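Q: Just passing along the structure, written as structure tokens.
The values are calculated or read from the model by the stated rules, or taken from the named source; none is laboratory data. Keep in mind that what you see is a predicted model, and the values were worked out from it rather than measured. Cβ: placed from backbone, ideal geometry, glycine included. Neighbour counts: every protein chain shown.
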């Protein structure tokens, strides 16, 4: 649903304002940060601090980042049970030499599983931003996640909702797939995410277009807000 794209651009936007920002790819089963930042083949280095070996995060566009994607092949499936994936997340967050940070942005996996539970149980989370596409099924998934975060046993503040892929391309209106033109109906679901945010009584932060979020990254291999 575009969580990685939004997380990456949020981190870069904060860094451009002068904040010290870290970005952790917590989507253990589908890490996307190495691809978004074009650092898929980089080797993670380590350093010894106070007698403990710590991983050194990659520094790009002014943010420090770490992902399990740096340790596995690009197309390698993550055949891990929930507890192992959750332990990997904890290890990545605690055994990386982040240094002093003003913000830590976590790119979370979808759903309400072990990784989310481990995060809220072992770390202090300041708040959450939900990313949703305009389709009804995507809204239903976000609704379940919102219910989890607002549960009394979790109680993570919700900053608001971002709608991703809300239109394709205003100029062309057509996407091409294998030589076949397919007309796209623009703004077909433009009100669904906004109405959902009102129903759950959280702020509608904004929209993020399919065209700029996807194609700019494909052409220039850098997140969109880096060039804004």
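Q: Checking residue 67 against (1) within 23 Å of residue 125 (Cβ to Cβ); (2) in contact (Cβ under 8 Å) with a residue 60 or more places away in the chain, which single condition isn't satisfied?
A: Only one criterion is unmet by residue 67, namely (2).
Q: Additional query: Run residue 85 past the list (1) at pLDDT 85 or above; (2) closer than 18 Å to residue 33 by Cβ and report the number of the one that doesn't hold.
A: With respect to (1) at pLDDT 85 or above; (2) closer than 18 Å to residue 33 by Cβ, residue 85 is out only on (1).
Q: Give me the residue from the stretch 1-29 that is assigned to a loop (DSSP other than H, G, I, E, B) and within 11 Å of the chain's Cα centre (by Cα) and, out of that set, farthest from residue 164 (Cα to Cα).
A: Start the filter on the stretch 1-29 by keeping residues that are assigned to a loop (DSSP other than H, G, I, E, B), which leaves 1-2, 17-20, 26-29.
In the following step, the residues that additionally are within 11 Å of the chain's Cα centre (by Cα) were identified as 1-2, 26-27.
Details: 1: 7, 2: 6, 26: 19, 27: 18 Å.
Once the filter is applied, the top-ranked residue is 26.
Q: What's the number of the only condition in (1) assigned to a strand (DSSP E or B); (2) under 20 Å from the mean Cα position of the chain (by Cα); (3) at pLDDT below 55 that residue 167 fails to meet?
A: Only one criterion is unmet by residue 167, namely (1).
Q: If residue 33 passes every condition in (1) in contact with a strand residue (DSSP E or B) (Cβ under 9 Å, 6 or more places away or on another chain); (2) loosely packed, with under 14 Cβ neighbours inside 10 Å but one, which one does it miss?
A: Of (1) in contact with a strand residue (DSSP E or B) (Cβ under 9 Å, 6 or more places away or on another chain); (2) loosely packed, with under 14 Cβ neighbours inside 10 Å, only one is false for residue 33: (2).
Q: Has the stretch 61-82 got at least one residue that is assigned to a loop (DSSP other than H, G, I, E, B) and modelled with pLDDT of 85 or more?
A: Our first condition is that a residue be assigned to a loop (DSSP other than H, G, I, E, B); within the stretch 61-82, this holds for 61-62, 71-81.
If we keep only those that are modelled with pLDDT of 85 or more too, we end up with 61-62.
Yes, the conditions are met somewhere in the stretch 61-82.
Q: Restricting to the stretch 119-142, name every residue that is surrounded by 15 or more Cβ atoms within 10 Å (Cβ to Cβ) and part of a helix (DSSP H, G or I).
A: Across the stretch 119-142, the qualifying residues are 119, 120, 138, 139, 141, 142.
Q: Is it fair to say residue 116 is in a helix (DSSP H, G or I), modelled with pLDDT of 85 or more and within 18 Å of residue 159 (Cα to Cα)? Please lay out each step first, then the result.
A: On the way: in a helix (DSSP H, G or I): yes; modelled with pLDDT of 85 or more: yes; within 18 Å of residue 159 (Cα to Cα): yes.
So residue 116 passes the test.
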